[in-house]
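Participant: Here it is, the structure in full.
The values are calculated or read from the model by the stated rules, or taken from the named source; none is laboratory data. The shown structure was predicted, so the numbers you read here are calculated from the model rather than taken from an experiment. In this analysis, Cβ positions are derived from the backbone assuming ideal geometry, glycine residues included, and neighbour counts consider all displayed protein chains.
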Amino acid sequence: MRLLFLAVLRPHTGNAVTAKRVRNHLEAAGHVCILKDASDSERASDIASLIMAENLEAALALHLYRAGRLLQGHGIPFGVIFGGTDLNEDANHREKNEVMGKVLKEARFAVAFTESMKEIAQQQWPHAKGKIFVQSQGIATTPNSAFNWDSFLQKLEITQSADSLYVFLLICGLRPVKDPLYLVDAFSEWHQEAPNVYMVIVGPEVDPVFTKEVKARLRRATGVRLIQEMSQGDLHTVMKSCFALVNSSISEGMSAAILEAISG
């Protein structure tokens, strides 16, 4: 089967990682899967043209609002996967809620990663109760054996011996919903009491305005470091080497970083 898979593909974000993993499974099952960034297609006519040009037979959307709404009215069967912010944030906006309800009416099925996500969706859109299914995420990690932890620490200007360090890792794109600043003051105060305690924030600069705020705050904070996104293999190695992973998101569906840390 030839199918279209629509998702928001910001680099090194949970949705992008999940979308690529789902695509790999679909292709392994013998399907031709065209993965497209929903952010690049604001008009339904763009999707209609793509469906015709590629002779697509079905479609799948990751995120009920951002991607799902683009699949309405094209005459091909489609399913949706809840992303997290669609249920936790967008569902609270009346107009978006109405759009998502219409998407679910047209969709053949919907997938939630957890029972709690399924329950939230059923409460919001009771008419979709019989078509929402729970499918837990599967995670595989690929640590880079050549990655040098000591060199990584030196790059961050962390000079203490690695054996005596407590590095707490926060993986997130720099945008308000991930709220990385929530933990900064606490870790900065902790570092002043225990100089071997650090927090390292890893992630892309998704929101330029918010990124400036984060960088300005970190210039005044001790014991907190910021580094841009890394390759997946390097990041998986950092997860294994750090003391603990932390998460400060205001809204979270199913954190890929947490699943990867558990798996690693």
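Participant: Taking the range 226-263 only, how many residues are among the aliphatic types (A, V, I, L, M) and in a helix (DSSP H, G or I)? Lay out the reasoning, then the answer.
Facilitator: From the range 226-263, those among the aliphatic types (A, V, I, L, M) are 226-227, 230, 235, 238-239, 244-246, 250, 254, 256-259, 261-262; that's our starting set.
Right, trim to in a helix (DSSP H, G or I) and you get 235, 238-239, 256-259, 261-262.
Residues that pass the stated criteria total 9.
Participant: Now for a separate question. Condition test on Ile201, is it farther than 22 Å from Arg220 by Cβ and crowded, with 20+ Cβ neighbours inside 10 Å?
Facilitator: Numbers: farther than 22 Å from Arg220 by Cβ: no; crowded, with 20+ Cβ neighbours inside 10 Å: yes.
Against the criterion (farther than 22 Å from Arg220 by Cβ and crowded, with 20+ Cβ neighbours inside 10 Å), Ile201 does not qualify.
Participant: Then there's this: List every residue pair whose Cβ atoms lie under 6 Å apart, where the two residues are 6 or more positions apart in sequence or sit on different chains, the first residue falls within the range 97-109 and is farther than 11 Å from Phe78 by Cα, and the second residue, located anywhere, is in a helix (DSSP H, G or I) and at pLDDT below 95.
Facilitator: From residues that are farther than 11 Å from Phe78 by Cα, the pairs are Asn97/Ala91; Val99/Arg69.
Participant: Please work out if Ser45 is of a type in the set (S, T, N, Q), under 21 Å from the mean Cα position of the chain (by Cα) and not assigned by TED's automatic domain parsing to the domain that holds Val200.
Facilitator: Values: of a type in the set (S, T, N, Q): yes; under 21 Å from the mean Cα position of the chain (by Cα): no; not assigned by TED's automatic domain parsing to the domain that holds Val200: yes.
Judged against the criteria, Ser45 is not a match.
Participant: Continuing with this model, one more query. Pick from Glu189, Glu115: which is among the acidic types (Asp, Glu), surrounded by fewer than 16 Cβ atoms within 10 Å (Cβ to Cβ) and in contact with a strand residue (DSSP E or B) (Cβ under 8 Å, 6 or more places away or on another chain)?
Facilitator: On the way: Glu189 fails: in contact with a strand residue (DSSP E or B) (Cβ under 8 Å, 6 or more places away or on another chain).
One residue alone meets the criteria, Glu115.
Participant: Determine whether Ala162 is within 25 Å of the chain's Cα centre (by Cα), under 24 Å from His236 (Cα atoms) and not assigned by TED's automatic domain parsing to the domain that holds Gly83. Show your work before the answer.
Facilitator: Values: within 25 Å of the chain's Cα centre (by Cα): no; under 24 Å from His236 (Cα atoms): yes; not assigned by TED's automatic domain parsing to the domain that holds Gly83: yes.
In short, no.
Participant: Another question about this same structure. Step by step: first the residues of the range 191-221, then only those that are more than 18 Å from the chain's Cα centre (by Cα) and among the acidic types (Asp, Glu), then the one that is farthest from Ser39 (Cα to Cα). Which residue is that?
Facilitator: Going through the qualifying residues, I end up with Glu193.
Participant: If you take the residues of the range 218-235 that are more than 23 Å from Ser255 (Cβ to Cβ) and either in contact (Cβ under 8 Å) with a residue 24 or more places away in the chain or not charged (D, E, K, R) (or both), which of them is surrounded by the fewest Cβ atoms within 10 Å (Cβ to Cβ)?
Facilitator: Of all residues in the range 218-235, those more than 23 Å from Ser255 (Cβ to Cβ) come to 219-223.
Subsequent filtering for residues that are either in contact (Cβ under 8 Å) with a residue 24 or more places away in the chain or not charged (D, E, K, R) (or both) retains 221-223.
Working: Ala221: 17, Thr222: 13, Gly223: 21.
Among those residues, the one meeting the criterion is Thr222.
Participant: What's the number of the only condition in (1) farther than 25 Å from Arg21 by Cα; (2) of a type outside the set (Asp, Glu); (3) buried (at least 17 other Cβ atoms within 10 Å of the Cβ); (4) touching a helix residue (DSSP H, G or I) at 6+ places or on another chain (Cβ under 7 Å) that Pro176 fails to meet?
Facilitator: (3)
Participant: What number of residues within the range 113-152 are hydroxyl-bearing (Ser, Thr, Tyr) and closer than 18 Å to Glu252 by Cα? Outline the logic, then answer.
Facilitator: Step one: list which residues in the range 113-152 are hydroxyl-bearing (Ser, Thr, Tyr), which gives 114, 116, 136, 141-142, 145, 151.
So of that shortlist, the ones also closer than 18 Å to Glu252 by Cα come out as 114, 116, 136.
The qualifying residues number 3.
Participant: Filter the range 33-45 down to residues that are exposed (fewer than 14 other Cβ atoms within 10 Å of the Cβ), farther than 25 Å from Glu89 by Cβ and not small (Gly, Ala, Ser), then give me how many there are. Outline the logic, then answer.
Facilitator: We begin by selecting, within the range 33-45, every residue exposed (fewer than 14 other Cβ atoms within 10 Å of the Cβ); these are 39-40, 42-43, 45.
With the extra rule that they be farther than 25 Å from Glu89 by Cβ, the set shrinks to 45.
Still in the running and not small (Gly, Ala, Ser): none.
Residues in the range 33-45 being exposed (fewer than 14 other Cβ atoms within 10 Å of the Cβ), farther than 25 Å from Glu89 by Cβ and not small (Gly, Ala, Ser): 0 in total.
Participant: While we're looking at this one, here's another question. Taking the criterion of being of a type in the set (A, V, I, L, M, F, W, C) and under 30 Å from Val224 (Cα atoms), would at least one residue in the range 107-121 satisfy it? Talk me through it step by step, then tell me what you get.
Facilitator: Of the residues in the range 107-121, the ones of a type in the set (A, V, I, L, M, F, W, C) are 107, 109-113, 117, 120-121.
Those left that are additionally under 30 Å from Val224 (Cα atoms): none.
No, that holds for no residue.
Participant: Please go through the range 18-56 and pick out each residue that is touching a helix residue (DSSP H, G or I) at 6+ places or on another chain (Cβ under 9 Å), among the acidic types (Asp, Glu) and farther than 23 Å from Leu87 by Cα.
Facilitator: Asp46
Participant: Can you pull out the residues in the range 77-95 that are surrounded by fewer than 17 Cβ atoms within 10 Å (Cβ to Cβ) and either assigned to a helix (DSSP H, G or I) or in contact (Cβ under 8 Å) with a residue 60 or more places away in the chain (or both)? Break it down into steps so the answer makes sense when it comes.
Facilitator: Step one: list which residues in the range 77-95 are surrounded by fewer than 17 Cβ atoms within 10 Å (Cβ to Cβ), which gives 77, 89, 92-95.
Listed by number, the residues that qualify are Glu89, Asn92, Arg94, Glu95.
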